[in-house]
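Accompanying notes for the structure given below.
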Ligand SMILES: [Zn+2]
């Protein structure tokens with residue numbers, strides 16, 4: 001406490017906590033252990049959890065699983081403690097937490113779940129490898145799934161430390177595309193590095209990018225959450241207790257979750273990530289997607305049931321709810337009444353079940369897995385079967401029956417366009433990223449024309465539309481309205497930002 005108090009008393013503006021982790025590699029008998037196992041930590045664990053401190057790594061033992069949870073709790077309590085301590089000295093001081101944790105096994109190892117840091121810090125900063133090598137279009141889509149996740153860890157814009165490696169041919173073009181991908185999600189690119197993580201990839205371009213961001217910061221930043229009617233719920237428990245820190249996990253949640261984010265981006269459906277600890281938030285959305293949501297507690301069942309009873313539409317895939325909150329297999333789906341089918345009766349078809357005022361769609365297989373393993377973003381040289389990818393997308397739209405609920409934004413073009421929408425008061429920020437023509441050899445999107453149909457909320461009228469192309473200058477833009485939709489037709493090269501000012 002003294003250290004943080006003294007630091008705050010110097011009058012500094014903020015404190016950056018660099019990766020507050022309780023890291024463990026789960027080596028045999030804690031041999032590769034970083035997280036503390038000292039007398040005090042053992043005592044604290046036993047007092048709080050009421051079970052003996054685990055003496056070895058055993059994912060089948062309850063006290064070990066409690067230890068996994070305990071580490072997250074300790075990390076969060078530490079961040080909260082620092083935040084409270086420094087704000088007692090100066091209420092305006094900012095706490096910035098850096099963590100690269102997302103939906104991967106790395107998060108289990110580090111006991112870091114940044115979705116829970118919103119209320120205990122001012123800002124989270126994320127570090128991510130970035131498209132460091134020559135990459136196919138789906139490597140870029142995988143990169144975007146991290147942006148999706150990271151943008152859910154803060155109340156407002158966040159920062160990302162990311163790298164583009166200099167040793168590859170065409171790195172300058174890749175660097176330019178990379179900047180567009182980050183700004184799409186209202187993030188600040190702190191692209192500090194090349195392969196050494198210390199020098200600058202391209203000084204000239206960085207100056208161009210940062211000057212543009214500074215000039216148009218009001219058009220780029222200061223919005224809040226992504227505006228959407230669709231949320232995707234993240235299950236930290238499934239990541240921890242099903243994958244158990246292993247890449248060769250049978251259910252591979254660490255691939256399923258980003259697989260769903262990639263699939264939705266590919267289909268042009270803007271969405272928001274919601275963490276299981278804030279699951280009540282699903283009530284803000286028309287559609288809640290639970291991809292491979294294997295571990296479900298009784299309490300969570302109640303939240304999900306209420307959501308659907310009150311008119312929500314939920315989509316589950318794979319072995320969702322077949323495990324309890326510690327990853328123990330149940331005899332039947334915990335949500336069998338919602339799915340309308342019990343585990344032993346599941347056949348090779350989709351289950352659609354009306355429940356209360358809402359509906360549940362249960363897809364017994366995993367479209368998210370089909371998608372991510374077909375496009376294999378980890379293999380930049382892979383020749384992807386694009387027809388198969390398209391079929392997986394079309395099947396999912398039809399199976400999930402979410403056309404009508406997600407058509408609040410449609411982008412017609414002859415390319416691949418990723419939309420994102422933000423909202424601030426009566427102002428919408430509609431952004432389109434162009435992936436058309438991106439391949440291993442090419443990071444420059446082909447210029448296309450797009451026609452956007454954006455459904456206006458009840459009683460909302462459009463005052464003006466401002467068009468800001470990536471690295472370009474803004475101008476007032478022509479638009480039409482038709483049957484409650486705003487229609488914009490525009491050229492798109494890297495990324496466009498449309499600021500839509502409305503009134504009632
Ligand atoms: Zn200790």
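The values are calculated or read from the model by the stated rules, or taken from the named source; none is laboratory data. Since the model is a prediction, treat every value here as computed from it, not as a measurement. Cβ sites come from the backbone with ideal geometry, for glycine too, and all protein chains shown count toward neighbours.
The selection criterion, being under 33 Å from the mean Cα position of the chain (by Cα) and within 13 Å of the ligand (Cβ to nearest atom), does not hold for residue 8. The residue list 366, 406, 410, 374 contains one member that is under 25 Å from residue 104 (Cα atoms) and either modelled with pLDDT under 95 or within 20 Å of the chain's Cα centre (by Cα) (or both), which is 366.
Tallying residues that are away from the ligand (no atom under 16 Å from the Cβ) and under 27 Å from the mean Cα position of the chain (by Cα) within the range 60-71 yields 4. Inspect all residues belonging to the range 79-88 and state whether any of them is within 16 Å of the ligand (Cβ to nearest atom) and within 27 Å of residue 328 (Cα to Cα). No - not one qualifying residue is present in the range 79-88.
Counting only helices (runs of 4 or more DSSP H) that sit completely within the range 304-420, those holding 2 or more residues that are under 24 Å from residue 252 (Cα atoms) and out of contact with any strand residue (DSSP E or B) (no Cβ under 7 Å at 6 or more places or on another chain) correspond to 367-375, 386-400. Filtering the range 274-303 to residues that are part of a loop (DSSP other than H, G, I, E, B), over 20 Å from residue 400 (Cβ atoms) and either touching a strand residue (DSSP E or B) at 6+ places or on another chain (Cβ under 6 Å) or not assigned by TED's automatic domain parsing to the domain that holds residue 255 (or both) leaves nothing. The condition of being on the phi > 0 side of the Ramachandran plot and assigned by TED's automatic domain parsing to the domain that holds residue 273 holds for only one of 393, 425, 369, 356, that being 356.
Take residue 201 and decide whether it is closer than 25 Å to residue 457 by Cβ and crowded, with 18+ Cβ neighbours inside 10 Å. Here the answer is no, as residue 201 does not meet what is asked. Do we find that residue 19 is closer than 30 Å to residue 126 by Cα, away from the ligand (no atom under 16 Å from the Cβ) and without any contact (Cβ under 8 Å) to a residue 60 or more places away in the chain in this structure? It is false that residue 19 is closer than 30 Å to residue 126 by Cα, away from the ligand (no atom under 16 Å from the Cβ) and without any contact (Cβ under 8 Å) to a residue 60 or more places away in the chain.
Would the range 90-97 turn up any residue that is under 30 Å from residue 142 (Cα atoms) and within 13 Å of the ligand (Cβ to nearest atom)? No, the range 90-97 contains no residue that is under 30 Å from residue 142 (Cα atoms) and within 13 Å of the ligand (Cβ to nearest atom).
The test for being in the same structural domain as residue 376 (by TED's automatic domain parsing) and crowded, with 24+ Cβ neighbours inside 10 Å does not hold for residue 247. So, residue 45, is that one part of a helix (DSSP H, G or I), within 16 Å of the ligand (Cβ to nearest atom) and within 25 Å of the chain's Cα centre (by Cα) or not? Considered against the rule, which asks whether it is part of a helix (DSSP H, G or I), within 16 Å of the ligand (Cβ to nearest atom) and within 25 Å of the chain's Cα centre (by Cα), residue 45 comes out as no.
Taking the listed residues 78, 64, the one that is at pLDDT 95 or above and not in a strand (DSSP E or B) is 78, with no other qualifying.
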